[in-house]
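Here is the structure we will look at, set down as structure tokens.
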Amino acid sequence: MRRFFSRYMLAYDRFPYTVAFGTATAKAALADGFTQTQIEGDGDGEFDWSRFTAFAMWGGLYCGCAQHVIFTRVIPSLVPKTASAFAIKRMAIDQGIVTPLLFYPTYFTFKSVVYGGTLQQGLAELISDGPSIWARGLALWAPVSVINFSLVPKQLRVGFVASVSLLWLCVLSFLSPMSSPKDRDQDKEKEMSKVES
């Protein structure tokens, strides 16, 4: 296992965006695939490949490349490791500013645009669903963020967060799946017909 982490860190040092993108894409794809087949699976055999692809691409672009910049450059430059309680301050920036003002808006608008919606529709869904999802996520992400900034080497930060967020993305994929408004309406109709039966 030590050899794997040594090679991963070496590759990350040489090709940070490629490794971050690959790690986060694989994690997002695994999370959505697991969610579709194991959590939501109702035995009908339908797998939503466009949702899977969209979730994987968003994972690679935001959770990989963007978070590489945020975790290894932006937040550390705002709060140097020498600052008192640096990990708590970095967590506050990550969870209090980056997550509600960048992570969730990116997620909801990306999801809307991929499925033919508008930025405004994505922002409307953010306003409707975002606060409760963010509040649920704080219980997990506040301590994870402190650990990430205080104990995890910078080359492993995206990989560490990717490992933990595998679980969170299953939750996010279930709470707010990357599906079209039409598909969501059809799912609601199915739910209503089950209730009425």
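The values are calculated or read from the model by the stated rules, or taken from the named source; none is laboratory data. Predicted model, so just to flag it, every value in this text is computed and none were measured. Methodologically, a virtual Cβ is constructed for each residue, glycine included, from the backbone with ideal geometry; neighbour enumeration extends over all protein chains shown.
Only one of these is within 24 Å of Gly159 (Cβ to Cβ), modelled with pLDDT under 95 and touching a Gly at 6+ places or on another chain (Cβ under 6 Å): Ala87, Ala11, Ala28, Ala56. Name it.
Going through Ala87, Ala11, Ala28, Ala56 in turn, the sole match is Ala28.
Can you name every residue in the range 109-153 that is over 30 Å from Phe86 (Cα atoms), touching a residue at least 40 places away in the same chain (Cβ under 8 Å) and surrounded by 14 or more Cβ atoms within 10 Å (Cβ to Cβ)?
Phe110, Lys111, Val114, Tyr115, Gly117, Gln121, Glu125, Asp129
Out of all the residues in the range 19-41, which are under 16 Å from Phe160 (Cα atoms) and more than 16 Å from the chain's Cα centre (by Cα)?
Residue satisfying the conditions is Val19 alone.
Would you mention how many residues in the range 107-131 are among the charged types (D, E, K, R) and either under 27 Å from Arg90 (Cβ atoms) or within 14 Å of the chain's Cα centre (by Cα) (or both)?
Summing the residues that are among the charged types (D, E, K, R) and either under 27 Å from Arg90 (Cβ atoms) or within 14 Å of the chain's Cα centre (by Cα) (or both) in the range 107-131 gives 2.
Look through the range 132-148, keep the residues that are among the aliphatic types (A, V, I, L, M) and more than 14 Å from the chain's Cα centre (by Cα), and return whichever of them is nearest to Ser163 (Cα to Cα).
Ile147
Return yes when Thr82 is within 30 Å of Ser128 (Cβ to Cβ) and either in contact with a strand residue (DSSP E or B) (Cβ under 6 Å, 6 or more places away or on another chain) or polar (S, T, N, Q) (or both) and no when it is not.
So Thr82 fails the test.
Looking at Val113, is it part of a helix (DSSP H, G or I) and either at pLDDT 95 or above or of a type in the set (Lys, Arg) (or both)?
no
For the range 44-83: of the residues being over 20 Å from the mean Cα position of the chain (by Cα) and of a type in the set (Asp, Glu), which is nearest to Thr109 (Cα to Cα)?
My answer is Glu46.
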